[in-house]
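Step one of this worksheet: look at the structure below.
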Amino acid sequence: MKLFFLKQDSLYKIFTTLEKTPKHSHVQIFIESENQFFNNVRRSKQIDGILSKRDIKATFIAQNSHQKNFFEEHHINHEVKKENKIRRFFNLLYWFFFNIKKFHLHTYQHKNYSFFAIFGAEILLILVAGYGIYSLILPQTTVTLTPSYEMNEVVYNFRYMYPNDISTYPLTGKHIIIPLYTGTIPNISTNMILDKKINTDGTMVKGTVRIVNTTSTALSLKINTQLIDDFGIEYTTNDKISIPASNGKDQAGVAYISITSKDNPTNNALVQQHGASIALGHRLLIKNLRQSFYTKQVYAEASEGFNISQYKQPGFILMSEIGELQKGLYNSLYEKRKEYVTSDAIPEGGIMLPFESFIGLTGCDYNAIGDTTKLEELSVMSGSLTCSITFTYVRKEDVINGMKEYISKRSTNARKVVNIQNNFINFFDILTGEYNAYIIPTRVNIIESYNLQSDTNNIIPMIKDQIIGKSKEDALRIIETFPEIEKGAISISPFWYSSVTGVKSRIRMIIKEQNDSV
């Protein structure tokens, strides 16, 4: 026989039911945990007395640990029977939604840790619901600001030094030093032929030129100073000459001198081809004068048409011409040395300094083909020169790090450096050095923006003050009037609001960097 008692059943009902139970019967008794039976020890002993009086063999069914602990504590015959898990789950689910008191009591009596988790979840749910209601009552505006970027040039006089000299530099803490490195391109060769065939006809051109000096410095030219024109014809001066400086009022210094074309096969061929075209005003430049050959501040003009003359050339090589051959080979390779320093020769991450003084020749080996003991019988001689080219370079990383150090010392909280353009590094002329240091003004381009994080100009508070209560469109137009801002975006929640909230604390500002510029 099985007897079931619910939580609302009284102890009196339990007593009367047991008294009506036939004597000597076997029964299983189910009592819900919430029944007052488990809270009244004296009454529970009376039930035990009724069972003994009627000789009823009763077994109480313990469905949970609370009941089990009660039966064991009062020495009541019982049997533990676990509740069906599926049924238990649905019971808990039902109690959670429709009988929360019973749910809490059940989980607490079972000492279930899920009670604390669920209780916490309930509190969190209440908070979320409260926040949702608060948001519905008072909307929030989120403003996303993208700062405007601008590119600026930064120039700094770095001290460029070779590593061995850095340790002895006395002004290390005062200036930023960039190390110099040396590279080598071995076995670069050039060839030249000295041709002196017997009784060859020579062609020479001779004339007077007007040398114009537009610089503020007076110049002096030695005899045999070399000039060259657009045809490639080379000339030498027949006398030495002094050229006055410009007076600074558009009045250049002027001097006149006679020149003659150089006597060599290549030059003679050019004279034969172009000599007749040399007329009044023909332009020439002085080869070994920087102000003339490179900057063209000093130049020569034919003051009259040049005269062309023919002559017979003897057919033997002079000892002085052998020296000129060697010198010509060296000069030819020296003038072209920069062409050999290509990007493939520079180590990865290196930048060659674009100054010819940093490019040199070393380890030169001259080789001549021809018997120099019988020059009177020699009409053709060839020579070759093999040298190694040395060049100086810097590491791009060192220059960028040096520029970062300089910028960090001069920057303020108002501006923020976003990026240093490492592909645009320019070197100006070398200034006067000190302590084996080359002072070279170096320019890089940097991208910087107004620092909205520190906001030293209080841009964000001004934006908030001006957009409160404005429509979304008007607020965006106001934001775009600030030169520090590239663009802005506004989102308003809940979605049915179309204007910025009227409470400043409900306006949230987000700073967004421009990823494509970094």
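The values are calculated or read from the model by the stated rules, or taken from the named source; none is laboratory data. Quick caveat, the model's predicted, so the values are computed rather than measured. Reconstructed Cβ throughout: ideal geometry from the backbone, glycine too, with neighbour counts over all protein chains shown.
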Is it true that Lys13 is charged (D, E, K, R), at pLDDT below 80, out of contact with any helix residue (DSSP H, G or I) (no Cβ under 7 Å at 6 or more places or on another chain) and not in a loop (DSSP other than H, G, I, E, B)?
no
Of all strands (runs of 3 or more DSSP E) completely enclosed by region 333-395, which ones contain at least 3 residues that are among the polar types (S, T, N, Q) and modelled with pLDDT of 85 or more?
380-395
Residue that is at pLDDT 75 or above, within 17 Å of His75 (Cα to Cα) and out of contact with any Pro (no Cβ under 9 Å at 6 or more places or on another chain), where the choices are Gln36, Gln28
Gln28
Got at least one residue in region 25-38 being in contact (Cβ under 8 Å) with a residue 40 or more places away in the chain and buried (at least 16 other Cβ atoms within 10 Å of the Cβ)?
yes
All positions within region 272-305 that are surrounded by 14 or more Cβ atoms within 10 Å (Cβ to Cβ), part of a strand (DSSP E or B) and not acidic (Asp, Glu)
Leu284, Leu285, Ile286, Val298, Tyr299, Ala300, Ala302
Could you grab me the full set of residues in region 206-250 that are closer than 22 Å to Phe306 by Cα, exposed (fewer than 13 other Cβ atoms within 10 Å of the Cβ) and out of contact with any Ser or Thr (no Cβ under 8 Å at 6 or more places or on another chain)?
Asp230, Gly232
Among the numbered criteria (1) more than 14 Å from Thr144 (Cα to Cα); (2) β-branched (Val, Ile, Thr); (3) in contact with a helix residue (DSSP H, G or I) (Cβ under 7 Å, 6 or more places away or on another chain), which single criterion is violated by Val500?
(1)
Which members of region 481-501 meet the condition of being surrounded by 13 or more Cβ atoms within 10 Å (Cβ to Cβ) and farther than 17 Å from Ala414 by Cα?
Lys487, Gly488, Ala489, Ile490, Ser491, Ile492, Ser493, Tyr497, Ser499, Val500, Thr501
From the set of residues in region 205-238 that are of a type in the set (A, V, I, L, M) and under 15 Å from Ser277 (Cβ atoms), which is modelled with the lowest pLDDT?
Val205
Within region 139-187, can you find the residues that are loosely packed, with under 13 Cβ neighbours inside 10 Å, touching a residue at least 24 places away in the same chain (Cβ under 8 Å) and more than 24 Å from the chain's Cα centre (by Cα)?
Thr168, Pro170, Leu171, Thr182, Thr184, Pro186, Asn187
For Glu72, indicate whether it is of a type in the set (D, E, K, R) and within 15 Å of Phe5 (Cβ to Cβ).
no
In region 213-250, which residues are farther than 13 Å from Ser292 by Cα and charged (D, E, K, R)?
Lys222, Asp230, Glu234, Asp239, Lys240, Lys249, Asp250
Scanning region 430-466 for residues that are touching a residue at least 24 places away in the same chain (Cβ under 8 Å) and assigned to a loop (DSSP other than H, G, I, E, B) gives Ile430, Tyr435, Asn436, Asn451, Leu452, Gln453, Ser454, Thr456, Asn457
For region 442-493, give me each residue that is closer than 30 Å to Gly402 by Cα and aromatic (Phe, Trp, Tyr).
Tyr450
